[in-house]
């Protein structure tokens, strides 16, 4: 039986429904060392973006804005189709257009990639975040920002290997794609996936998405894209937003998609080694002083010192003679 | 380490219950206040669904209007969200960038809300009541028809056409509206009658 | 569209030419990507630009705008030369075997009978040889030198790959690749679909563009089959509906024609509409014309339409010209011969060519009435917006009424999509402020005028006073009662002709469909092709059963498709002369020995024998026309014609400018530019982020594509010193605009007839009101000339010049 | 020759005699710097160690902490470098410093008698002075780079990643220096009054900075008795 158009399975409910994602579904929580283990394991979900099916219509951007009630500004044309020109706190996803001439065929290929949060299995933003509970990861793989807890420090920006989070100048909180956690929580797919006219964006369990991708990749190979493949970068433990690329051997041609993304070593050091060495150093310093204080008498001015001083004051500096070192 | 513990730990280290109280006075409990992690509640809860069709291109995608209030119950209804209808055979719930943003067409700041009138030579629109506008329009149209209606051509054949007033019909109106418009325009004898089909 | 959007998934090859489906119809285009993903279908795009559609195509070939006929005749030539023809289909279902009169000939780019003075053809010789039996003479063996097939073969022989490259600028190898891929679809088990739009219609030879592809589809046997057809994507949500309902100067509802002065009375009018079959045993369905016409008159004027007054024939205006199309009306307006104008949901200031002329014409009106949910440039044409609308407000004496209407979300009714589906929708929101339904406004205007005629009298008030207006609330007719009026009802008991005692439809009841209409005044029907949309079974347009047995894509239970809920036109052609499907895996209909059965409503009498009655029942021939006789003004076959403004001369006849029979007004001739003054070939188009001039009012779409721009190649940018994202001035003989420059690899210069042709792309979504940045449209530049047969303005091919400039300065 | 005595270092004969060490301005700057540093340490640690995040409560929550930390940094930078301008000359290294360092064991053990006579500052104090100066420069520099609210757009993300690491390391070091400084001040009794009252006893000066005392006396810089 053929795989019919992967559109929304159903329309969203209008009756009140309890959210299916809560505290008990957290597998990671920013700046929280001892998180109680999740009460259950949800099936990992994923959004699959088939770049070879994408027509760059921006329905995903439109649907994202409408669903999340954001207000991207009306900018200007700077000689490109990419509008707004970058992700913003009001634009969680963005079509990035690249005109690429394939050196092997000399044919123009218009590479259009939907940029946005990749929902890494090992999220750099969450690792970098200093605010407890500002970034959470659910057992289904969704990485979500809890704005109430965000302090706007921008550490997530430095932690992210894909340059996704944006800090709002208005409320100083970080924003990015939530994978429509509020829709997923009631059994719906993300707004962008529902809207996508050609179903280049599909959503489901990560397993299904991988299977669907296999079919797409086979089709692409049959059309001469020998290097077609699935982008699910292991460097970040895999992602819950994956791409089907016709040229999976060179992801960077798709508007700088990282070839092998991983959390920067610098960030790792900062959040790892530095913490412990730092703690040790400061501890050593404090302890050292304490011990010294205990084992050596305080350095007091002696009566002798005072008398010598008073003498000196009276004699106006004639006596006593300067010490040996000075003469030598 | 749990927040509560770490805090007590600190207070002991600081060795001052005093510190405790003074810190509390400085909104110390804030850090614990915002620990709850939760997703946004579904905004469509308790809205009314209405099946409609996208008014843009002629693919005619099925859409669902989500409104606060129900016109069928005689209530005032405000559209709060519009989304593709997954039951529709053609679009299967999908929408293009225009269809997906239909709510902002309905709520556009440049939606017209009252009849306006521009007097000859004026540099502005001024509000006018429906009655005044319609009476004036009827008068202008009848006077023009009376003055310029062609009853017969040179050969004396009845031709009954009105060429001095024309009309363009909207190809985004419903068939029912179009039929009404058709009846009015053709019965008045208007021949300069067209729609977007040519454009 | 001959087929439905959902049927495209059944195709093997999609040819997008004269359109940009992915850009303009993304959700319909879904079925192309489905066909690719599920059937392994291929997608070909032939376009001057590498479009969004091209970005997912299997093969892209460039072409110079306005030269599609040469390309398509080239493909037909290739198919004939390489014997890639669906012979059985072509012989049986087209007029290939018909013998053509001796008078007919073609040379130097012109057909016989051309009169340069009249800019028209004497078409009498473009016809079949008729036999004594009164039927057209045919030669099924196709041996006769004057049979259509041999004339076609000869006609297209000039369009060799070399000639195609010379005219279209399409590299020979790319053309051959496309021709080869298309020709594969001559197999009965391979189908191709053609998806086109305004890229074909908006030329002075638009209809012939489409005919050329239709002919190709016919010889490949792709009309009437699943995954095939000629699919006009169409623009607005109800453009199909308004055309079906005849809201045009030369039409009545259901493609009945407005009378002309020559048709002095009803019988004269009918005499030229007998539609006698041209071959034995053929249906020629238009023989029922009289039934539809009489029923239409009855629905308009009820009892006032009687046999003794020719069914109120005189109530209809008679045309002295082929049509008072928009171009003619604005020409008249500009010469001061139009006083009043009503724009219902229409924005001519941005929609019609030669904006300067349009604005000057509107300025000469006594009164202008606009009805729209949104602000329009037209309602404010008199308002000065600096460079964007530099106009002397005080000097304009037009009285303007701007009437606020509801939008889709605030009204109920049906829209007809390009697949001919009449889909009912419901009201979900309350109108803002004092906004009113268009129906209410039209009713108010009518009732007030009728009242004035009752009181004051006036010239020929009869059609107004007698217009049937029996609505529950005359002030605002309800959608459902209007729909019933369109469907039609019995005025007296309709009895079975075979058995007079049997009442088929009791008086007052709705007719089931147009088969029950009569020409004796006993039935009324607003629009015969829509009959069946709302009958005693209820509102069929509101049906929502989306089951699709065997995944054919037919969805017979979903809303209503005209005619008779038929989803694929000419569907009988999906089976051979024995009634067996050409492709069993794509069965649509099948002859079971006594009747037609299958997935769709047969487009033929259910008991019409496959070996006797041919599929194209709307034609007198019963077959389709490769040779269209005298039915089109500009030729029985398509032939290469250049745009009126072309960078190169017509290779067949350098003296010939544009379409030799297209109407040109004297005042516009002076406004045609030449390639030495305007070296670049411009074309206009839509962007996926916007819909015409509506979505610029919408903050979301305004953010997705904020500002007016033009697209040019890197080569042209270098030539003119234009930087990407910088300002350029683009001007034609008719106007000048300023735009941001998008310098792209997606447009490449073409070499035509040895000359380098640079293409300038101009999208059409900006104006001076709304949320997006102020801007201009291509209609400030495009020429005021229409298509030879139906006067569609030529937006797709004209000449401009271009230079770097600075940002527009706005005074107000 | 390097100046050992600074303007304002004056002798006040009396019982006991005292020596002015810091003017009022210097003392204010010192304490502003000191308190800024303490606040920076608290807010900084809160944003560095999750287990200390609750410290943001001291500043009225995470958002406020994030907002105020950089401003305090700017304040510290300004106040410290006014101090720097006043003290840098007296902190230039001298030959004595090497001798002093070579006898560091005696320093730690408090055997002052074995140490050379010193000017206004000993090598330890100089180390703290220059250490602070250097680290504060590093902190303000890296701090500006990662000041999201105003300076994010002016550097690349990789640069900011390095900056945030450098900032953390520098912070750890300055805290160590700070601990040393505070402890030394406590351990060396009679020192604190230099930063409170601004003067030290002649005896204290004789014990720790004899050469400095001699010079003051030698130059007859006598102020009013206390």
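The values are calculated or read from the model by the stated rules, or taken from the named source; none is laboratory data. As the structure is a computational prediction, the values presented were derived from the model and not from experiment. Cβ placement follows ideal geometry from the backbone for every residue including glycine, while neighbour counts extend to all protein chains displayed.
What to note about this one:
- Taken over region C:692-707, the criterion of being in contact with a strand residue (DSSP E or B) (Cβ under 7 Å, 6 or more places away or on another chain) and at the interface with chain B (Cβ under 7 Å from one of its Cβ atoms) is satisfied by C:694, C:697.
- Looking across region C:240-252 at every residue that is touching a residue at least 12 places away in the same chain (Cβ under 8 Å) and at the interface with chain B (Cβ under 7 Å from one of its Cβ atoms), the one that is surrounded by the most Cβ atoms within 10 Å (Cβ to Cβ) is identified as C:241.
- The lone criterion from (1) under 23 Å from residue C:51 (Cα atoms); (2) modelled with pLDDT under 95 left unmet by residue C:689 is number (2).
- Every pair of residues 6+ apart whose Cβ atoms lie under 8 Å, when the first sits in region A:162-176 and is at the interface with chain D (Cβ under 9 Å from one of its Cβ atoms) while the second is in a strand (DSSP E or B): A:167/A:174; A:167/A:175; A:173/A:145; A:173/A:167
Rundown of residues vs (1) outside any strand (DSSP E or B); (2) surrounded by fewer than 21 Cβ atoms within 10 Å (Cβ to Cβ); (3) touching a strand residue (DSSP E or B) at 6+ places or on another chain (Cβ under 6 Å); (4) facing another protein chain (nearest Cβ under 7 Å), yes/no style:
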| position | (1), (2), (3), (4) |
| --- | --- |
| C:428 | yes, no, yes, yes |
| C:444 | yes, no, no, yes |
| C:448 | yes, yes, no, yes |
| C:458 | yes, yes, no, yes |
| C:464 | yes, no, no, yes |
| C:475 | yes, yes, no, no |
| C:486 | yes, no, no, yes |
| C:497 | yes, yes, no, no |
| C:501 | yes, yes, no, no |
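- Of all positions in region D:129-142, none carries a residue that is surrounded by fewer than 22 Cβ atoms within 10 Å (Cβ to Cβ), part of a helix (DSSP H, G or I) and either facing another protein chain (nearest Cβ under 10 Å) or modelled with pLDDT under 90 (or both).
For every residue, the table says whether it meets (1) out of contact with any helix residue (DSSP H, G or I) (no Cβ under 8 Å at 6 or more places or on another chain); (2) surrounded by 19 or more Cβ atoms within 10 Å (Cβ to Cβ); (3) not in a loop (DSSP other than H, G, I, E, B).
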residue	(1), (2), (3)
C:593	yes, no, no
C:611	yes, no, no
C:631	yes, no, no
C:640	no, yes, no
C:644	yes, yes, no
C:647	yes, yes, no
C:651	no, no, no
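- Condition met for residue A:127 (assigned by TED's automatic domain parsing to the domain that holds residue A:228, assigned to a helix (DSSP H, G or I), crowded, with 23+ Cβ neighbours inside 10 Å and in contact (Cβ under 8 Å) with a residue 12 or more places away in the chain): no
- So residue D:77, is it more than 9 Å from every other protein chain (Cβ to nearest Cβ), in contact (Cβ under 8 Å) with a residue 60 or more places away in the chain, within 20 Å of the chain's Cα centre (by Cα) and part of a helix (DSSP H, G or I): yes
- Candidate set: region B:144-172, residues that are within 7 Å of chain C (Cβ to nearest Cβ) and out of contact with any strand residue (DSSP E or B) (no Cβ under 9 Å at 6 or more places or on another chain); chosen: the one farthest from residue C:349 (Cα to Cα): B:157
- Filtered by the rule that a residue be within 15 Å of residue C:342 (Cβ to Cβ) and either more than 7 Å from every other protein chain (Cβ to nearest Cβ) or in contact with a helix residue (DSSP H, G or I) (Cβ under 7 Å, 6 or more places away or on another chain) (or both), region B:118-141 gives B:134, B:136, B:137, B:138, B:139, B:141.
- Across region C:304-319, the qualifying residues are those that are assigned to a helix (DSSP H, G or I) and either free of Cβ contacts under 8 Å to residues at least 60 places away in the same chain or over 16 Å from residue C:518 (Cβ atoms) (or both), and the one among them that is nearest to the other protein chains (Cβ to nearest Cβ) is C:314.
- Strands (runs of 3 or more DSSP E) enclosed by region B:58-176 - at least 2 residues per element that are over 20 Å from the mean Cα position of the chain (by Cα): B:116-118, B:150-152, B:158-161, B:165-169
- Complete set of residues in region C:334-369 that are surrounded by fewer than 24 Cβ atoms within 10 Å (Cβ to Cβ), more than 18 Å from residue C:402 (Cα to Cα) and facing chain B (nearest Cβ under 8 Å): C:337
- Taken together, the criteria place residue D:56 among residues that are within 14 Å of another protein chain (Cβ to nearest Cβ), closer than 19 Å to residue D:171 by Cα and buried (at least 17 other Cβ atoms within 10 Å of the Cβ).
- Matching residues in region A:217-249 - criterion: being assigned to a helix (DSSP H, G or I) and surrounded by 18 or more Cβ atoms within 10 Å (Cβ to Cβ): A:217, A:219, A:220, A:236
- Single condition residue A:214 does not satisfy, out of (1) surrounded by fewer than 23 Cβ atoms within 10 Å (Cβ to Cβ); (2) within 14 Å of chain D (Cβ to nearest Cβ): (2)
- Enumeration of residues in region D:38-53 that are crowded, with 22+ Cβ neighbours inside 10 Å and farther than 19 Å from residue A:30 by Cβ: D:40
- Condition broken by residue A:197, with the remaining ones in (1) under 24 Å from the mean Cα position of the chain (by Cα); (2) within 13 Å of another protein chain (Cβ to nearest Cβ); (3) surrounded by 20 or more Cβ atoms within 10 Å (Cβ to Cβ) satisfied: (1)
Yes/no matrix, rows are residues, columns are (1) free of Cβ contacts under 8 Å to residues at least 12 places away in the same chain; (2) closer than 23 Å to residue B:100 by Cβ; (3) in the same structural domain as residue A:140 (by TED's automatic domain parsing):
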| site | (1), (2), (3) |
| --- | --- |
| A:184 | no, yes, yes |
| A:209 | no, yes, yes |
| A:222 | yes, no, yes |
| A:225 | no, no, yes |
| A:239 | no, no, yes |
| A:259 | yes, no, yes |
| A:278 | yes, no, no |
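- In region C:16-40, residue surrounded by the fewest Cβ atoms within 10 Å (Cβ to Cβ) [restricted to those that are touching a residue at least 60 places away in the same chain (Cβ under 8 Å) and in a loop (DSSP other than H, G, I, E, B)]: C:19
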